[in-house]
1. Taking segment 1-43 as the search range and keeping residues that are in contact (Cβ under 8 Å) with a residue 60 or more places away in the chain and surrounded by fewer than 11 Cβ atoms within 10 Å (Cβ to Cβ), which one is nearest to the chain's Cα centre (by Cα)?
2. May I ask you to verify whether L2 is part of a helix (DSSP H, G or I), modelled with pLDDT under 95 and not polar (S, T, N, Q)?
3. Checking the structure you have, find out if any residue of segment 50-59 is touching a helix residue (DSSP H, G or I) at 6+ places or on another chain (Cβ under 7 Å), farther than 24 Å from S11 by Cβ, assigned to a helix (DSSP H, G or I) and open to solvent by less than 100 Å² (accessible area, probe 1.4 Å).
4. In segment 5-49, what residues are part of a loop (DSSP other than H, G, I, E, B) and over 14 Å from Y67 (Cβ atoms)?
Amino acid sequence: MLPSHLSFIESLHGEMRQAFYDQHKAMAHVMHLGLFLLPLAGLLVRGLVGAVLGLTLFILCYYLLPYVWDVTHGNRHV
């Protein structure tokens, strides 16, 4: 279970990421798709450098998505 508000450092821990992707199955499927499509798109557009950049972009998204999701969709006080 994820805490009510996630700090940036907490969001980088493996347990928090695992809990996030367990609760958001659709996001996990999108990330699986991105793992293959981002490097492939980079390879087609810019060659080997693009593939490395695509993989780097995927890794950044994978690690930062739980924090960004919490900031944008977290506890909203009305």
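The values are calculated or read from the model by the stated rules, or taken from the named source; none is laboratory data. Keep in mind that what you see is a predicted model, and the values were worked out from it rather than measured. Cβ sites come from the backbone with ideal geometry, for glycine too, and all protein chains shown count toward neighbours. With ligands, DNA and RNA removed, areas are computed over all heavy atoms of the protein, side chains included. Shrake-Rupley method; radii C 1.70, N 1.55, O 1.52, S 1.80 Å.
1. H5
2. no
3. For segment 50-59, residues touching a helix residue (DSSP H, G or I) at 6+ places or on another chain (Cβ under 7 Å), farther than 24 Å from S11 by Cβ, assigned to a helix (DSSP H, G or I) and open to solvent by less than 100 Å² (accessible area, probe 1.4 Å): present.
4. Hit for segment 5-49 is G47, nothing else.
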